[in-house]
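Trainee: This is the structure I want to talk about, given as C-alpha cells.
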Amino acid sequence: MSSQGRILKDKIAHKVMLAFVWLTIILLLVIALGLFIKAWPLFKTVSISDLLFSTTWVPYEGKFGMLSFIISTFWVTGVATVIAVPLCLLCAIYLSEYANKKVIAWVSPLIDILAGIPSVIFGIWGVIVIVPFVRDILAPMFGVSSTGYSILAGGIVLSIMVFPIVIYVLLEVFKTVPEDLRNAALSLGANKWIMIRKVLLRKAGPGIISAIVLGFSRALGETLAVLMVVGNVVDLPSNPLEAGYPLPAMIANNYGELLSIPMYDSALMLCALVLFVIVVFFNIIARIILRRIEKKIS
Amino acid sequence: MTAKLKMSQSDAACAEGSICINNLNVYYGDRHALKNININLPTRSITAIIGPSGCGKTTLLKCFNRLIDSVDDITVTGQVLVDGDDIFAPEAEVTDIRKRMGLLSQRPYPLPMSIYENVAFGPKLHGVKEKSKLNEIVEHYLKEASLWDEVKDRLNTPASRLSIGQQQRLCLARGLAVEPDIILGDEPTSALDPISSHHIEQKFLELKKEYTIVVVTHILRQARRIADYLIFMYMGEIVEHGPAKEILENPKEKRTQEYVKGIIS
Ligand SMILES: Nc1ncnc2c1ncn2[C@@H]1O[C@H](COP(=O)(O)OP(=O)(O)O)[C@@H](O)[C@H]1O
Ligand SMILES: [Mg+2]
C-alpha cells in the first residue's frame, strides 16, 4: 500500500473514532435532557427541596418526596460494596499470588459463568436462599424480627452479582504489576504477605479503585434482582435489616401503572434523573480521586 | 547449623560468604533448564556468568536467593550451600537466605514508595525501628551507592521520579541496606545508558573488597572489565569456568572459543 493511502486511512480512522467519542458524550446529554424535560412540569408545582428532601410519597395527593428512595439506593449499594470489596480483594489476591495454574484454570471459567447469569436468576436465588437466611438467622442474631426482604438481602445478592466483574478487573490489574517488582520486595527479605500489602496493593492502588468504582456503578443501577428481595416499602430505612426501596426498583415497579395520576410520570422521570446524576457524579468523583492517587505514586 | 556439621571433605572450601553448588538440577515442568551444576564461587571477588540468552543464567541466579520458589511447576534437586548452609533444606528459612543477598535485576524496580522508604524497607523488615537509626542507615547506603548527593534534598519524593540510572543505584543502596554478604546482579546494566553502566561497574569493583559478587552479563567487554572469575554456560550446562583472564584469552572448550570470538551469541 502506498504511504499516501496509509495516511489517508489513518486520518479517516482517527475521524471516525473521534466521532464516536462525541456521539457517546452527546448521547449522555440527550438522555439527561430528555429526563429533565419530562420532569419539568413537576418543578413548577412542587419545590425542589420537597422533592429531594421529603419522605412523603403520596402520588394522588401530589406529594412526591423521594428521599426514601435515594437513601435506600445508597444503603443497598453501600452494603453490597462493604461485602463485595474485601471478599473480591482477598479472592483476587489468592488467585493471582497464591493459587497455582490448575486452580486458576478451574476457577476462571466459573467466574465467567457467574458473570453471564441473568439477574432474574440471582433474584430467585435471593428469594429462596438469602431472604430466609436473613429472616431466620441474621435478624434473630441481632434480636430483630425481619421478613427477610431487606436492604441486607439486596446488598448480599448485589455483592454476588458484582463479584465477577470486580474480580476480573482486579486480576487484570495485578497482572500489570511486574513479576520483578514482587521479586525485588521478596529479595529484601519480605515475606509474601508483606510484599502483597506494601508493594502489590500500593502499586495496584489506582487499578483497585477503578475496579471498585466499576462494581459500584453496576450496583447503583442494578434493578431486577434487587427489586425481588429488597421489600419495596416506601419508608426511610434506618438499618439494613429493614426493607428499602431503591430508585431503580421503584421506577421499574411503577412505570406504566397509575400514569393517570397527574404528575406521576414526571415524578418517575425525576427519579430516573436523580439516579442518572448520582451515577455520573460518582464516576466523576472517582476519576478525581484516581488522578490524585496516580500523581502521588508516579 | 546441621548442614554445617554434615559438610563433607569436599565442601571444606565452602567458607563464609561463598556459594557452593553441588549437582544442581532445575526443571521447569519437563524442561531441563540447569543440568548438573557443580561449582564453588570464590568469595570477595566478582564472578561473571556469561552465555547466550536462554542458557539458564537467570535460573541459576534465582536459585541462589530462592526466587525460583515462586515459579509454578518447578523442580530443584541438588544442593546450594551459602555460608555452608544448604538453602534448599526443608528447615532453611527463606527470608534469612534472602537477607544475605542483595539483588539487582535487569531493569530497576523501585518499590512504590519514597526514596527514603525504599532504602529503609529492608532494615525495617529486619527489626530496625528507631527513626534516628533508620536515618543513619538511609544516608550511609545512599552514599555507598553514590546517590546521596543527588537525592538528599528530596528523600520523600516517590522513587519512580528518579532517572533510570539513579533508580538502579537506589536499588543497589536498598539491597546493601539489608547488610548482605553477597550481591547478585542479573544483567544489571542492560537497561542503563553508558555513563550509568560505568557507575555501576565502578561500584562493583569497589564493593568486591567486602562482598561476594555474582553478575550475569551478556556483554563480553563488561566481563573483561570487571570479572575475576568467569563461568561460561551453554544450554543449561557449565561448559567452562576459571579465572577470567584464562577463559577469555585461552579458552579450552570449542564452544567457549566460539562464544568468546563472537561466533555463537
Ligand atoms: N518461568 C519459566 N517457565 C518455563 N521455562 C522457563 C521459565 N523461565 C525460564 N525458562 C526457560 O529456561 C531456560 C533458561 O532461561 P533463563 O535462565 O531465563 O536464561 P538466560 O537468563 O540465560 O537467558 C530458557 O530456555 C527458558 O525458556
Ligand atoms: Mg536472563
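Trainee: Does A:VAL144 satisfy the condition of being loosely packed, with under 15 Cβ neighbours inside 10 Å and of a type outside the set (Gly, Ala, Ser)?
Mentor: Judged against the criteria, A:VAL144 is a match.
Trainee: Please go through segment B:28-67 and pick out each residue that is closer than 22 Å to A:LEU186 by Cα and either touching a Pro at 6+ places or on another chain (Cβ under 7 Å) or near ligand 1 (Cβ under 9 Å from one of its atoms) (or both).
Mentor: Scanning segment B:28-67 gives B:TYR28, B:GLY56, B:LYS57, B:THR58, B:THR59, B:LEU60, B:LEU61, B:LYS62.
Trainee: Please work out if A:VAL280 is more than 14 Å from every other protein chain (Cβ to nearest Cβ) and buried (at least 18 other Cβ atoms within 10 Å of the Cβ).
Mentor: Answer is no for this residue.
Trainee: Moving to a separate point now. Hey, can you tell me all the residues within segment A:169-202 that are of a type in the set (D, E, K, R) and farther than 21 Å from B:PRO123 by Cα?
Mentor: Within segment A:169-202, A:GLU172, A:LYS175, A:GLU179 meet the criteria.
Trainee: Does segment A:249-269 include one or more residues that are within 30 Å of A:GLU179 (Cβ to Cβ), of a type in the set (Gly, Ala, Ser), part of a helix (DSSP H, G or I) and more than 14 Å from every other protein chain (Cβ to nearest Cβ)?
Mentor: Looking through segment A:249-269, none of the residues is within 30 Å of A:GLU179 (Cβ to Cβ), of a type in the set (Gly, Ala, Ser), part of a helix (DSSP H, G or I) and more than 14 Å from every other protein chain (Cβ to nearest Cβ).
Trainee: Based on this model, can you work out whether B:SER146 counts as more than 24 Å from A:PRO178 (Cα to Cα), of a type in the set (Ser, Thr, Tyr) and away from ligand 1 (no atom under 14 Å from the Cβ)?
Mentor: Considered against the rule, which asks whether it is more than 24 Å from A:PRO178 (Cα to Cα), of a type in the set (Ser, Thr, Tyr) and away from ligand 1 (no atom under 14 Å from the Cβ), B:SER146 comes out as yes.
Trainee: Does any residue of segment B:187-196 turn out to be within 15 Å of ligand 2 (Cβ to nearest atom), more than 26 Å from B:GLU150 (Cα to Cα) and under 14 Å from the mean Cα position of the chain (by Cα)?
Mentor: There is no residue in segment B:187-196 that is within 15 Å of ligand 2 (Cβ to nearest atom), more than 26 Å from B:GLU150 (Cα to Cα) and under 14 Å from the mean Cα position of the chain (by Cα).
Trainee: Now for a different question. Considering A:SER145, A:SER119, which residue is more than 14 Å from every other protein chain (Cβ to nearest Cβ) and modelled with pLDDT under 90?
Mentor: Unique residue meeting the criteria: A:SER145.
Trainee: Is it the case, given these coordinates, that B:THR75 is modelled with pLDDT of 90 or more and within 16 Å of ligand 2 (Cβ to nearest atom)?
Mentor: No.
Trainee: Right, A:LYS175: at the interface with chain B (Cβ under 9 Å from one of its Cβ atoms) and among the charged types (D, E, K, R) or not?
Mentor: So A:LYS175 does not fit the description; no.
Trainee: Next question, about the same structure. Out of (1) within 21 Å of A:ASP180 (Cα to Cα); (2) touching a helix residue (DSSP H, G or I) at 6+ places or on another chain (Cβ under 8 Å); (3) of a type outside the set (Lys, Arg), the odd one out for B:LEU61 is which?
Mentor: Among (1) within 21 Å of A:ASP180 (Cα to Cα); (2) touching a helix residue (DSSP H, G or I) at 6+ places or on another chain (Cβ under 8 Å); (3) of a type outside the set (Lys, Arg), B:LEU61 violates only (2).
Trainee: So which residues in segment B:142-171 are within 12 Å of chain A (Cβ to nearest Cβ) and either surrounded by 15 or more Cβ atoms within 10 Å (Cβ to Cβ) or in a loop (DSSP other than H, G, I, E, B) (or both)?
Mentor: Of everything in segment B:142-171, those that are within 12 Å of chain A (Cβ to nearest Cβ) and either surrounded by 15 or more Cβ atoms within 10 Å (Cβ to Cβ) or in a loop (DSSP other than H, G, I, E, B) (or both) turn out to be B:ASN156, B:THR157, B:PRO158, B:ALA159, B:SER160, B:LEU162, B:GLN167, B:GLN168, B:LEU170, B:CYS171.
Trainee: Can you tell me which residues in segment A:54-102 are among the hydrophobic types (A, V, I, L, M, F, W, C) and under 16 Å from A:ALA272 (Cα atoms)?
Mentor: A:TRP57, A:PHE64, A:MET66, A:LEU67, A:PHE69, A:ILE70, A:ILE71, A:PHE74
Trainee: Only residues that are within 11 Å of A:VAL226 (Cα to Cα) and either aliphatic (A, V, I, L, M) or more than 12 Å from the chain's Cα centre (by Cα) (or both): list them for segment A:148-166, please.
Mentor: Passing the criteria: A:TYR149, A:SER150, A:ILE151, A:LEU152, A:ALA153, A:GLY154, A:ILE156, A:VAL157, A:LEU158, A:MET161.
Trainee: Taking interchain pairs and intrachain pairs at least six residues apart, which have beta carbon atoms under 8 angstrom, with the first residue in segment A:195-207 and charged (D, E, K, R) and the second in a helix (DSSP H, G or I)?
Mentor: Hits for this filter: A:LYS198/A:ALA185; A:LYS198/B:PHE121; A:ARG202/A:ILE297; A:LYS203/A:LEU181; A:LYS203/A:ILE297.
Trainee: Out of all the residues in segment B:172-184, is one or more crowded, with 21+ Cβ neighbours inside 10 Å, within 16 Å of ligand 1 (Cβ to nearest atom), within 12 Å of another protein chain (Cβ to nearest Cβ) and in contact (Cβ under 8 Å) with a residue 40 or more places away in the chain?
Mentor: There is at least one residue in segment B:172-184 that is crowded, with 21+ Cβ neighbours inside 10 Å, within 16 Å of ligand 1 (Cβ to nearest atom), within 12 Å of another protein chain (Cβ to nearest Cβ) and in contact (Cβ under 8 Å) with a residue 40 or more places away in the chain.
Trainee: Find the residue count for segment B:68-121, including only residues that are in contact with a Cys (Cβ under 9 Å, 6 or more places away or on another chain), in contact (Cβ under 8 Å) with a residue 60 or more places away in the chain and away from chain A (no Cβ under 11 Å).
Mentor: 5
Trainee: What residue, of B:ILE39, B:ILE49, B:ILE68, is touching a helix residue (DSSP H, G or I) at 6+ places or on another chain (Cβ under 6 Å) and either more than 16 Å from ligand 2 (Cβ to nearest atom) or farther than 18 Å from B:TYR234 by Cβ (or both)?
Mentor: B:ILE68
Trainee: Continuing with the same structure: Got a sec? Which of A:PRO118, A:PRO164 is surrounded by fewer than 18 Cβ atoms within 10 Å (Cβ to Cβ) and not hydroxyl-bearing (Ser, Thr, Tyr)?
Mentor: When all the criteria are applied, what remains is A:PRO118.
Trainee: Okay, moving on. Pick from A:VAL58, A:VAL21: which is closer than 22 Å to A:SER260 by Cα, free of Cβ contacts under 8 Å to residues at least 24 places away in the same chain and not assigned by TED's automatic domain parsing to the domain that holds A:VAL280?
Mentor: Among A:VAL58, A:VAL21, only A:VAL58 is closer than 22 Å to A:SER260 by Cα, free of Cβ contacts under 8 Å to residues at least 24 places away in the same chain and not assigned by TED's automatic domain parsing to the domain that holds A:VAL280.
The values are calculated or read from the model by the stated rules, or taken from the named source; none is laboratory data. Everything numeric here is computed off the predicted structure, so don't read it as measured data. All Cβ positions, even for glycine, are placed from backbone atoms using ideal geometry, and neighbour counts span all protein chains on display.
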